[in-house]
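Coordinate-derived values only; no laboratory data. Being a predicted model, the structure only gives us computed values, none of them experimental. Cβ coordinates were reconstructed from backbone atoms using ideal geometry, including for glycine residues, and neighbour counts include every protein chain displayed.
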Amino acid sequence: MTASDDGLAKVLAVAQRYLEVGKADAALLALDRCPEQGLATTEYWWLRGVALLDSQRYDEAAVVIENGLDLDPGDVDLLSLLAKARFRLGSLRSAETVILRALEIAPEWPGYLCQYAEIVAVAGQVDKAEKLLDRAASIDPEFAGLDRVRFMIGDIRGDGDSTVGHLTDLLEADPEDAGALALLAEKRLGEGRPAEAAEYLRRAVELEPEFAIGAEKQIREVLLRGHWFLRPLAPIYKYGPMAVWMGALGAMWIFYALGYLEIAVVIGAVYFLYCVYSWVAPPLVRRYLRRGV
């Protein structure tokens, strides 16, 4: 191995390590120092594509991944990554075309079947998505991505109770199923139950620390909403600020129409103070959490 080859291997290894610990920006900086011959390797473009996806720079990621596919149009890892980028950009038809190319090369890989199922489910083809999941499960019943896509399909169908029931069954069978815990955390957060979400996520991260990798923002948000000081903001997190505003406005109008002007004024004043609290409290709790208190 020449000195330049050794330098390339070190740069790629450093970038890989940064990605493993959720530091996409540092990975990109490391890749910027890559020797010129690195541009002729698919590994370089794959790592750069992953880093850009983790940074939510989906347009740039798609361009970078296509550069890698110019070197090897049959690289299934790059095809899968490109499908993810197109999916994040909302280009479902393009994402489907790309993941089908990957499945032509590796038709029995459950990860690509799950990825395809996710794409078609979001496109409204839920029955087709379930058939793809059944096919993936027949290949590998223990594949980690199955439960996540089933969870997503349950949400699309509006069948939240069965989704939670499925995850609960998984936890009864294996209380240390970190994947099920992480999915329940996501479900509870969406339901406006941040305290439960925070507890599920803590347990998941204790069992599988990699759930914390690349998900710092989500974890901070769960911990933030689950903090006791922000419990009065649960209606905003669950129903949204517009719904809360409409509720307060409706209550003021009803009491005003009934001739209870003083009560309407009190409701307005309380709502104003509530708004101020919703603006001031979250930044304070974020600062509190960053200090590790």
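A compact table of results
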read-out: Kirkwood hydrodynamic radius over Cα pairs of segment 103-187, then Stokes diffusion coefficient at 10 °C and 1.306 mPa s, in µm²/s; value: 122 µm²/s
read-out: Tilt relative to the chain, helix 76-88 - C-alpha long axis, 0 to 90 degrees, to 10; value: 30 degrees
read-out: Mean ellipticity per residue at 222 nm, deg cm²/dmol - from DSSP H runs of n ≥ 4 across the chain, formula -39500 (n - 2.57); value: -25000 deg cm²/dmol
read-out: On Cα atoms only, tilt of 3-20 relative to the major axis of the chain in degrees; value: 20 degrees
read-out: Global form of segment 27-84, assessed from the alpha-carbon gyration tensor, a/c cut-off 1.5; value: oblate
read-out: The chain, dipole about Cα centre (Lys/Arg Cβ +1, Asp/Glu Cβ -1), debye to the nearest 20; value: 1520 debye
read-out: Among Gly250, Gly240, Gly74, residue whose mean-square fluctuation peaks in a GNM of the chain (springs only between Cα atoms under 10 Å); value: Gly250
read-out: Global form of segment 10-134, assessed from the alpha-carbon gyration tensor, a/c cut-off 1.5; value: prolate
read-out: Order of Lys128, Lys187, Lys84 under a 10 Å beta carbon neighbour criterion, fewest first; value: Lys128, Lys187, Lys84
read-out: For the chain: rounded, prolate or oblate by the Cα gyration tensor [a/c cutoff 1.5]; value: prolate
read-out: Angle in degrees between helix 126-139 and the longest Cα principal axis of the chain, rounded to the nearest 10; value: 50 degrees
read-out: Relative contact order (%) - the chain, alpha-carbon pairs under 8 angstrom, separation at least six; value: 9 percent
read-out: Per-peptide average of other Cβ atoms within 10 Å, ordering 55-68, 29-42, 105-118, 266-279 highest first; value: 105-118, 55-68, 29-42, 266-279
